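See below for the structure under consideration.
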Amino acid sequence: MTSLKSIDREFEAVSASLKVSQFVTLWRVTLPVCLPAVLEIARYLFINAMTTVSALVFLYSPETLPASVSILNLDEAGELGPAAAMATLIVLTCALVSLLYSLLTHFLFRRQQAWRNPNR
């Protein structure tokens, strides 16, 4: 919300007066200004989804077994080694996604957010 509130409200009025569609305004103005917030939200939601167990326990079926639920099942069965290995895989997946997020944001900020850097 803070990112959206930082955008001048006149962009919508100007785009409407120039007969530019709202989609083009969203794609060319709103999204580039809000890009840091959008990427942070995506990373947060991914890591939160990887570690959420409470809601997932009620949603899985016998055909699909999410990793976080299988950790619980392995732990209840007394197999601590495989449960720890599965938990380590979840942590490594989250770390890998965070690393990819850092690379993506670095690339996108250099390419799309050059206007934010006054030294250029």
Once the other residues with Cβ under 14 Å from the Cβ of residue 102 are scored (Lys, Arg +1; Asp, Glu -1), what is the net sum? +1
Where the Cα atoms of region 35-116 are projected onto their three principal axes, how long is each span, largest first, in whole Å? 56, 25, 18
Plugging the Cβ-Cβ distance of residue 64 and residue 87 into 1/(1 + (r/R0)^6) at R0 = 22 Å yields, to the nearest 0.05, a FRET efficiency of 0.70
Table column - 3J(HN,Hα) (Hz), region 12-22, Karplus curve with 6.51, -1.76, 1.60, x for Gly and Pro: 5, 5, 5, 5, 5, 5, 8, 6, 9, 5, 5
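Only the coordinates and a few stated rules stand behind these numbers; no lab work does. Remember, it's a predicted structure, so these values are computed and weren't measured experimentally. FYI the Cβ positions are ideal-geometry reconstructions off the backbone, even for glycines, and counts take in every protein chain you see.
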